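Here is the structure we will look at, set down as structure tokens.
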Amino acid sequence: MTLDPTARSVSVDMLIAFDTEQQLDFTAADELPSRERSQVREYVQSVLRRRSYLDFLVGEFSSISMEDMTAPLKNILRLSFYEMLYMEHIPDYATINEAVEIAKATLGSKTGDLVNAMLRHLQRDMATLPKPAFADRKKLIAVTYSHPEWLVKRWVARYGERDAFALMQANNQRPEYTVRVNAQRTSPENFKLRLQKAEVDFEASDWLPNYYKVSSLQPILQKGLLEKGLCQVQDVAAGMAPTILDAQPGEQIYDLCAAPGTKSILLSDM
């Protein structure tokens, strides 16, 4: 059975390629509608961000060890567990139905039945999920926060457990993107109208003018707002340095390690 590509099926394929070939190529989603392309990016990045913890849970709900699972089965389950645990706006039945379809199409009916049983089990036990329990505290932390053990050891030794936990929790958050309006090319009012037409949620910065935290970069890229020079991706913190510098006409300023040089661009706009 062949399925039409969807955000979930393409995400599974990309996660398999990452497992087997160490490749992550988002152009695999190019044929999907724009909204689904954004969904693929969120699925793949989020599953990889929390993979150690997801693998622990999958192992707890399965009679088959993770080592004995094929890459397609692992990644169908990783994605489905992530969706059911962290994406509350998506109904469980939608996740389960498509996961079973993908499993049956790629691995056969028996595997589809296995996926269905595991996800139904997860759905029933959502309020009482098993917790990682390892004698080695570093391994416990590594699995709980989905960070490699060597990094856990380094951060705990360097910062102490409390601050190391805070760093790992921050790493597991979905990144926020900020764009700066190029006032030489457009006005903030015009730019905000463009964001609204592109259906991008945004919030003005309290710290610097012309900076907006946006819900997604994909529509901004698709509408050509970056290509036309109407804005650039730049965190407010990065904009602070040129602002505090208070550069004057005729001064020579070196932007060391610039890549791609957004602080230099900001200086030239002042």
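Since every read-out is calculated from the coordinates, none of them should be taken as a lab result. This is a predicted model, so every value here is computed, not measured. Note: ideal-geometry Cβ built from the backbone for every residue, glycine included; neighbour counts use all protein chains shown.
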If Lys and Arg each add +1 and Asp and Glu each add -1, what is the summed charge of the other residues whose beta carbon sits under 12 Å from the beta carbon of Ile90?
-> -4
Amide N proximity, segment 159-197 versus Lys228 label position 7 Å along Cα-to-Cβ, cut-off under 18 Å | 179-197
Kindly provide the pair-distance distribution of segment 45-182 built from C-alpha pairs, with 10 Å bins from 0 and whole-percent values in order of increasing distance.
-> 11, 37, 30, 17, 5, 0
Which of Gly239, Gly112, Gly250 fluctuates most in a GNM of the chain (C-alpha springs under 10 Å)? That residue is Gly250
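What is the gain in length, in nm to one decimal, between Glu161 and Ser205 on full extension, counting 0.36 nm per residue of separation less the C-alpha to C-alpha distance? Numbers along the way, then the final one.
Values: separation 44, 0.36 × 44 = 15.84 nm, distance 3.20 nm.
Length difference between fully extended and current span is 12.6 nm.
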Cα centroid separation - segment 204-230 against segment 12-75, whole Å | 29
Report the semi-axes of the equivalent ellipsoid for segment 56-97 in whole Å, largest first, where each axis is √(5λ) for an eigenvalue λ of the Cα gyration tensor.
-> 21, 10, 8
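Grab the alpha carbons of the chain, take their convex hull, and tell me the volume per residue in Å³.
Details: hull volume 47.0 nm³, N = 270.
Hull volume over Cα atoms, normalised by residue count, gives 174 Å³.
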A correct Stokes-Einstein calculation for segment 1-103, using the alpha-carbon Kirkwood radius, 4 °C and 1.567 mPa s, returns a whole-number D in µm² s⁻¹ of 94
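Based on alpha-carbon atoms only, what is the radius of gyration of segment 47-116 relative to the globular estimate 2.2 N^0.38 Å? Could you put the intermediate results ahead of the total?
Working: Rg = 11.4 Å, N = 70, 2.2 N^0.38 = 11.1 Å.
With N residues counted in segment 47-116, Rg over 2.2 N^0.38 Å equals 1.03.
Net charge within 9 Å of Ser9 by Cβ-Cβ distance, Lys/Arg positive one each and Asp/Glu negative one each, not counting Ser9 itself? Working shown, then result.
Values: positive: Arg8; negative: Asp4, Asp13, Glu98, Glu101.
Charge balance in the 9 Å sphere: -3.
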Between Arg154 and Gln45, what length comes free when the chain is fully extended (0.36 nm per residue of separation minus the Cα-Cα distance, one decimal in nm)?
-> 36.9 nm
Return, ordered by residue number, the residues of segment 189-211 whose backbone nitrogen is under 20 Å from a label point located 7 Å along Cα→Cβ of Asp246.
-> 207-209
Where the eigenvalues come from the Cα gyration tensor of segment 101-221, what are the semi-axes √(5λ) of the equivalent ellipsoid, largest first, in whole Å?
-> 40, 28, 12
When N is the residue count of segment 177-269, what does its C-alpha Rg come to as a fraction of 2.2 N^0.38 Å?
-> 1.09
Relative to the longest principal axis of the chain, what angle (0 to 90°, nearest 10) does the C-alpha long axis of helix 34-49 take?
-> 70
Which one of Glu36, Glu98, Glu67 has the biggest mean-square fluctuation once the chain is modelled by GNM with Cα springs under 10 Å?
-> Glu67
Using alpha carbons only, how many degrees (0 to 90, rounded to 10) separate the axis of helix 236-245 from the longest principal axis of the chain?
-> 20
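Too long at a 20 Å Cα-Cα cut-off: which of Lys192/Lys213; Lys223/Lys263; Lys74/Lys153; Lys192/Lys228; Lys110/Lys131; Lys197/Lys228? Before the final figure, lay out the partial values.
Details: Lys192/Lys213 11 Å; Lys223/Lys263 24 Å; Lys74/Lys153 27 Å; Lys192/Lys228 15 Å; Lys110/Lys131 29 Å; Lys197/Lys228 16 Å.
With Cα atoms farther than 20 Å apart: Lys223/Lys263; Lys74/Lys153; Lys110/Lys131.
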What's the extension gain from Asp136 to Ala71 if we count 0.36 nm per residue and subtract their Cα-Cα distance?
-> 20.6 nm
Taking the dipole of the chain about the Cα centre (Lys, Arg +1; Asp, Glu -1; charges at Cβ), the one of Gly224, Gln169, Leu15 that reaches farthest to the positive side is Gln169
In whole Hz, the Karplus estimates of ³J(HN,Hα) for segment 130-141 (6.51, -1.76, 1.60; θ = phi - 60°; x where Gly or Pro) are x, 10, x, 9, 10, 5, 6, 5, 5, 5, 4, 5
Ordered by residue, what ³J(HN,Hα) values in Hz, to whole numbers, does segment 249-255 give under the Karplus form 6.51 cos²θ - 1.76 cosθ + 1.60, where θ = phi - 60° and Gly and Pro are x?
-> x, x, 6, 9, 10, 9, 9
Report, by chain and number, residues whose modeled amide H sits under 5 Å from the one on Tyr177, excluding near sequence neighbours (fewer than 5 apart, same chain).
-> Val214
